[in-house]
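Taken together, the values in this text are just the output of simple stated rules run on the coordinates, not laboratory data. Please read all numbers here as calculations on a predicted model, not as lab measurements. Cβ coordinates were reconstructed from backbone atoms using ideal geometry, including for glycine residues, and neighbour counts include every protein chain displayed.
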Amino acid sequence: MSTLTNPIIVKCPTCKCPITWIPEQLFKPFCCERCRLIDLGEWVMEEKRIPGESLELENDDREDSFFQ
Ligand SMILES: [Zn+2]
């Protein structure tokens, strides 16, 4: 295969620094893992502000019978 494609340059959404859109760029569209985590963190915070399905945490009640 001899495909000559110009590398796509995108800007990291977090720090706005240019990155090359290549398979080797593991954190695309982010420049690094740090930027990716920062953006994910903001996304999670936005999710929490949206009222919707209530997250039911499973209580581990199995321990109770153990202490009887
Ligand atoms: Zn970045």
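Some values worked out for this structure:
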quantity: Distance (nanometres) between label positions extended 7 Å along Cα→Cβ at Trp43 and Cys15; calculated: 1.9
quantity: Paired Rg and Dmax values of the stretch 8-49, which use every Cα atom, in angstrom; calculated: 11.1, 35
quantity: Extension gain from Glu33 to Thr5, taking 0.36 nm per residue of separation minus the Cα-Cα distance; calculated: 7.5 nm
